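What follows is a short report on a single structure.
No lab work stands behind these numbers, since they all come straight from the coordinates. What you see is a predicted model; the values in this text were computed from it and never measured. We place every Cβ from the backbone using ideal geometry, glycine too, and count neighbours over all the protein chains shown.
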Amino acid sequence: MVGRIHKIDHSLMVAGQLYLSAYIARIEDLVSAINPGFFADIPLTLYPNPAKDAFTLKSFNTGILTLTDIQGKEVQRENIVFGSNYVDISHLPSGTYFYKFVGERQVQSGKVVKE
């Protein structure tokens, strides 16, 4: 199963029959468990672009973000989690960079400009 289901189990067992069972799950985990591809088609959101010292990457998947320079050299690699991710690029010189996100069920690429 995909995702974690946080379970609180309140069960009443009478003569070998299970009568009551309650489960509590975080919504993204529940949807992922029911339909693992649900979030796969939702694109990443990256802003601001152009960026000065950092950008925010919103993702509905976990994965790896790789930044490469114009020559194709990898200059940064980040672990991306579900939700908002702050990516510090203050150490990079100004220019155009290409990003590639590889997640469990999603691959997306594009470019980001550092001012």
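Structure data summary
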item: Region 52-89, residues that are in contact with a Gly (Cβ under 6 Å, 6 or more places away or on another chain) and in a strand (DSSP E or B); result: G63, I80
item: Some residue of region 87-105 being under 17 Å from the mean Cα position of the chain (by Cα) and of a type in the set (S, T, N, Q); result: no
item: Pairs where the first residue, in region 44-67, is in contact (Cβ under 8 Å) with a residue 60 or more places away in the chain and the second is of a type outside the set (S, T, N, Q) and not in a strand (DSSP E or B), C-beta under 6 Å, 6+ apart; result: P50/E115; K52/E115
item: Of all residues in region 69-86 being closer than 16 Å to A51 by Cβ and not aliphatic (A, V, I, L, M), the one that is farthest from the chain's Cα centre (by Cα); result: D69
